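Report on the following structure.
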Amino acid sequence: MGIIKITDIQFAAESKVEGSVLYVNRDELKAHILEDETLASCELDIAKPGESVRITPVKDVIEPRVKVSGEGGVFPGWMAKVKTVGSGRTNVLKGAAVVTTGKIVGFQEGIIDMCGEGAKYSPFSQLNNLVLCVEPVEGTLQHAYEKAVRLAGLKAATYLGKLAKDIEAEEVRTYETPTITEGIKLYPDLPRVGYVLMLQSQGLLHDTYVYGVDAKQSLTTMLYPTETMDGAIISGNCVSACDKNTTYHHLNNPVIEDLYARHGKDLNFVGVIITNENVYLADKERSSDWSAKLCEYLGLDGAIISQEGFGNPDTDLIMNCKKIEAKGVKTVIITDEYAGQDGASQSLADADIAANACVTGGNANTVIHLPKMDKVIGHIEYVDKIAGGWSGSLQEDGSIVAELQVITGATNEMGFNTFSAR
Amino acid sequence: MIILTNNPDVAQTFQDRNVLWVDGSYRDVLIEARDMIHQGRRLLTHPLMGSLKPNETPYRSVAVSSEQGDLDMDSLLLIENAIETFDKFAQVTRPDRGVNTPERMLADFRLIDLSLIESALEDR
């Protein structure tokens with residue numbers, strides 16, 4: 001992984017990366033995005049750390065990356081062929097992101113503040129963001145609009161990533177996963193640890209895609225951890241701003257990062273098991289049975305399980321935990337909490353004695369006060385109508401009183417956030 | 001299979017199937033489902049589907065089995081936990097629980113509920 005640090009982003013006559021500055025030709029990128037006939041308009045804006053800017057309603061956040069060597073391309077199944085990714089070298093524009101916004105449905109949600117109280121809670125407040133506001137042609141249905149916004153974000157990130165293809169990165173990070181048999185030979189005495197990554201997969205605005213496949217249609221399966229770094233998993237999950245896994249999270253999964261940091265030292269990181277979170281209860285049974293079966297088959301000693309979303313996925317989480325523990329594999333779960341504004345209520349909608357090791361991303365019901373921002377990118381009128389806001393959330397002075405769940409990424413269940421879990 | 005719903009779009013879409021119309025709230029749908037579980041039916045879909053919080057959307061659809069057997073404890077635990085979660089969220093007043101909510105937003109809440117139950121029941 002070649003790390004190209006970006007400390008500034010500007011509109012310019014030519015798109016390029018020079019030093020640590022990302023220059024974007026606004027008209028060229030706009031024309032590229034508007035090739036999609038579903039879209040009527042696309043506005044591009046820039047939001048940098050420390051600016052008095054509020055972005056809302058945020059749909060997805062995506063980090064620009066490009067394949068320099070190795071098979072396939074970034075975002076396989078969408079922006080590249082479905083060839084298996086995860087090998088060779090990938091360049092990353094670290095410090096930059098594409099943020100998509102759009103009022104796909106009326107109650108939309110997700111705030112990123114670039115300064116003030118809210119900036120403490122979102123990792124994306126620290127990035128140099130290129131923000132896309134895309135509007136569909138009249139009569140476009142919500143399903144089609146959601147897809148168009150999703151693809152616009154991937155297109156923009158791919159466009160920016162390609163600017164870094166020929167840059168020699170100063171910092172290079174190496175991630176290696178041996179095959180199962182190699183791993184056993186290399187680290188015979190180290191505990192074998194796997195990562196069970198749960199993917200939101202319930203329907204409109206609640207979906208995740210793996211190599212272009214809707215995760216709800218897939219059985220539980222395995223990935224090399226490095227595949228996630230090339231965009232094998234992308235987010236179409238637009239609900240529950242605080243604890244959804246954006247595409248940026250999938251590209252920068254902190255569980256994978258930390259397991260690699262300890263790989264070969266005090267544990268053997270065997271691989272990633274991906275499993276879905278479907279609404280139909282028989283699907284939950286099947287998917288969690290398969291998670292447990294794969295953990296057993298891989299001879300794991302321990303598994304880390306991360307969840308995505310609220311309510312229904314609590315049941316998948318507990319099923320996975322119970323069944324994997326029943327195979328003799330120790331588990332740690334990562335979740336977040338809806339414990340009421342006073343933090344005194346039951347945190348999850350489901351529980352079990354097997355879930356006795358738990359990391360929390362924080363209480364999403366915590367009340368916060370966000371100051372007025374000078375500039376809003378997107379649509380502020382929805383603040384009263386988003387999860388965690390309530391009638392009167394938007395104050396007369398332009399400030400917002402709401403629950404932490406309004407902030408994109410605030411209580412992320414991979415433990416990416418800065419709120420806690422570190 | 002019986003589909004319990006207070007969402008007119010779900011009732012319309014599944015009109016050729018066994019729909020039990022619940023003329024009431026999200027919570028009323030959960031209570032109806034609980035009563036049917038006590039009569040020996042099993043839950044087929046998760047009562048808290050979707051990431052919209054129970055104090056956000058006024059609509060709910062749940063599928064239970066037509067067949068009746070012994071009391072299914074897993075179903076009972078799920079529905080009781082769902083009701084408890086609903087009541088926890090209900091303590092915080094929200095503008096958008098069907099009262100004073102613009103029609104466009106209600107339509108979107110109906111659409112999400114319909115999409116989730118459709119994707120759950122597709123081909124079943």
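Taken together, the values in this text are just the output of simple stated rules run on the coordinates, not laboratory data. Note that this is a predicted model, so its numbers are computed, not measured. FYI the Cβ positions are ideal-geometry reconstructions off the backbone, even for glycines, and counts take in every protein chain you see.
The table below lists the values:
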| read-out | value |
| --- | --- |
| Peptide ranges B:111-123, A:255-267 listed from the most packed, as the mean C-beta count within 10 angstrom indicates | B:111-123, A:255-267 |
| Candidates A:Pro225, A:Pro57, A:Pro254: whichever shows maximal mean-square fluctuation once chain A is modelled as a Gaussian network with Cα springs under 10 Å | A:Pro254 |
| For residues of A:346-356, the mean tally of beta carbons on other chains within 10 Å | 2 |
| q = 0.12, 0.13, 0.15 Å⁻¹, region A:2-406: log10 I(q)/I(0) [Debye, one scatterer per Cα] | -0.98, -1.15, -1.48 |
| Set of lysines near A:Lys185 by C-alpha distance (under 16 Å), chain-local residues within fewer than 8 positions excluded | A:Lys265 |
| Over 26 Å between alpha carbons, listed pairs A:Lys59/A:Lys216; A:Lys30/A:Lys375; A:Lys94/A:Lys372; A:Lys155/A:Lys216; A:Lys147/A:Lys322 | A:Lys94/A:Lys372; A:Lys147/A:Lys322 |
| Over 26 Å between alpha carbons, listed pairs A:Lys16/A:Lys67; A:Lys67/A:Lys120; A:Lys103/B:Lys88 | A:Lys67/A:Lys120; A:Lys103/B:Lys88 |
| Estimated FRET transfer efficiency when R0 is 30 angstrom, pair B:Arg124-A:Ala261 (beta carbons, to 0.05) | 0.10 |
| Listed residue (A:Gln346, A:Gly95, A:Pro136) projecting farthest to the positive dipole end of chain A, Cβ model | A:Gly95 |
| Selected from A:Thr315, A:Thr158, A:Thr179 as most flexible by GNM, with chain A as the system and alpha-carbon contacts under 10 Å | A:Thr179 |
| Cβ charges +1 (Lys, Arg) and -1 (Asp, Glu), total dipole of chain B, debye | 300 |
| Shielding by other protein chains, B:111-121, mean Cβ within 10 Å | 6 |
| Cβ charges +1 (Lys, Arg) and -1 (Asp, Glu), total dipole of chain A, debye | 920 |
| A:Ile180 versus B:Ile31: modelled label distance in nm, points set 7 Å from Cα along the beta carbon direction | 5.2 |
| Inter-chain Cβ neighbour average for residues A:305-316, partner chain, 10 Å | 4 |
| Estimated inter-spin distance, B:Gln91 and A:Val172, nm [label 7 Å along Cα→Cβ] | 5.6 |
| Gaussian network model of chain A, springs between alpha carbon atoms under 10 Å - residue of A:Leu204, A:Leu22, A:Leu130 with greatest fluctuation | A:Leu204 |
| Residue-span extension gain [A:Glu71 to A:Asp189] - 0.36 nm each, minus C-alpha spacing | 39.2 nm |
| Förster radius 30 Å - calculated FRET efficiency between A:Lys48 and A:Asp27, Cβ distance, rounded to 0.05 | 0.90 |
| Added length on full extension, which subtracts the Cα-Cα distance from 0.36 nm per residue, A:Ala40 to A:Arg286 | 84.3 nm |
